[in-house]
1. How large is the dipole of segment A:1-42 about the Cα centre if only Lys and Arg carry +1 and Asp and Glu carry -1, each at its Cβ, rounded to the nearest 20 debye?
2. Take the Cβ-Cβ distance between A:THR69 and A:ASP174 as r, set R0 to 30 Å, and report the resulting FRET efficiency rounded to the nearest 0.05.
3. How large is ³J(HN,Hα), in whole Hz, for each residue of segment A:87-97 in order, when computed from phi with the Karplus curve 6.51 cos²θ - 1.76 cosθ + 1.60 and θ = phi - 60°, using x for Gly and Pro?
4. Report, for B:PRO68, each distance to the same residue's label point in the other copies, shortest first and in nm; define the point 7 Å along Cα→Cβ.
5. Taking the label point as lying 7 angstrom from Cα along the Cα-to-Cβ axis, what are the distances from B:GLY140 to the corresponding position in the remaining copies, in ascending order and in nanometres?
6. Taking only the alpha carbons of segment B:74-123, what extent do you get along each of the three principal axes, in Å, biggest first?
7. If only Cα atoms are counted, what is the Rg of the protein assembly as shown, and what is its Dmax, in Å?
8. What's log10 of I(q)/I(0) for segment A:1-42 at q = 0.22 Å⁻¹, Debye sum over Cα points only, no solvent?
Protein chains: 2
Amino acid sequence: MRQEVKGAALRQLSEGGPAALSLNAIAKELGVSGPALYRYFASRDALLTELILDAYADLALALEGAPPTLADHAAAYRAWALAEPHRYRLLFSAPLPGYDPHDQSLVAAAHRAMTSLLTVTEPHSPVPGPLAAQLSTWSGAEPAVALHAVTAWSRLHGFVTLEIEGNYASMGLDPDELFRTFDL
Amino acid sequence: MRQEVKGAALRQLSEGGPAALSLNAIAKELGVSGPALYRYFASRDALLTELILDAYADLALALEGAPPTLADHAAAYRAWALAEPHRYRLLFSAPLPGYDPHDQSLVAAAHRAMTSLLTVTEPHSPVPGPLAAQLSTWSGAEPAVALHAVTAWSRLHGFVTLEIEGNYASMGLDPDELFRTFDL
């Protein structure tokens, strides 16, 4: 039942974005009562949180399954986002007003997805002192390596976001060609 | 009246995101009838389009007013996004399901905002053949320069988006320090 609810929610998401998520509509679609559904998810936000955790976990799996180079990780990251744009959009932002995307469970899930990048980045130097301490605390890795991972992720996020929203296409640019030139 | 409507719309936007935009609520707030309001904006989407055009124009002004270096343009871009996150979020994406962000007027407005970057980027080479033709058509500039502008913009968009959504902060990283190391 949990899986069926999440399946219905993902369909709503792909059709109307996060604002279209409705526990009542899901109950109707699955032919169950509202109270029956609320046994599985206490609220729309609780359902949304689980969808986001799933998305981070799937993205992490995609990265962990990629060959151990930054280029391969970047390609896997991009491929996942292109295949699942409605799920990628849930990550790294507040999908609905009032929703806190920095809840500890979400931050931990995001961290796992990022950890894979830490294994494939070369050191980016120099790292200014205060930032070095912050990067070390966040990653547990060498600050120069963590800085490159954060930099590569930030650049990749920019590219992938612009691509899934159709911006390169509207400029007449081929995203595949563009990505081949995109240094991380 | 047009300005008052837009002012009310921007307040709604900053409080509840694009989904909170409501012509009826604006009419009530301004004490005018629905039909009176519809004389100015035929629909919520028409109002949204004008808000997006305004945002692109303001971002373009911010860039055009910056000193002629890439670093200064990047700083101006970031400062604008941080000062106006609810307006920055409108750019480069479909703010509401069913809304077409690639309408010709929007593409033209985005182009103007990007034009400024074309004046401050060094050539990025080499540019593969098909991409060179596309970049040249889009920009009217040297393809290698246009490629660097698109690359810098993509990276900047990634950084700024992650920053305004609070992602670096949730990782314990100081965005100011991070931005200083962020090559475009």
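1. So the magnitude is around 120 debye.
2. In this case the efficiency is close to 0.80.
3. Once θ is set to phi - 60°, the couplings for segment A:87-97 become 8, 4, 4, 6, 7, 6, 7, 8, x, 9, x Hz.
4. Sorted ascending, the copy-to-copy spacings read 4.9 nm.
5. Values, ascending and in nm: 5.5.
6. That gives 38, 25, 15 Å along the principal axes, largest extent first.
7. 21.4, 62
8. Reported log10 I(q)/I(0), two decimals: -0.63.
Bear in mind that the values in this text are calculations on the coordinates, not laboratory data. This is a predicted model, so every value here is computed, not measured. All Cβ positions, even for glycine, are placed from backbone atoms using ideal geometry, and neighbour counts span all protein chains on display.
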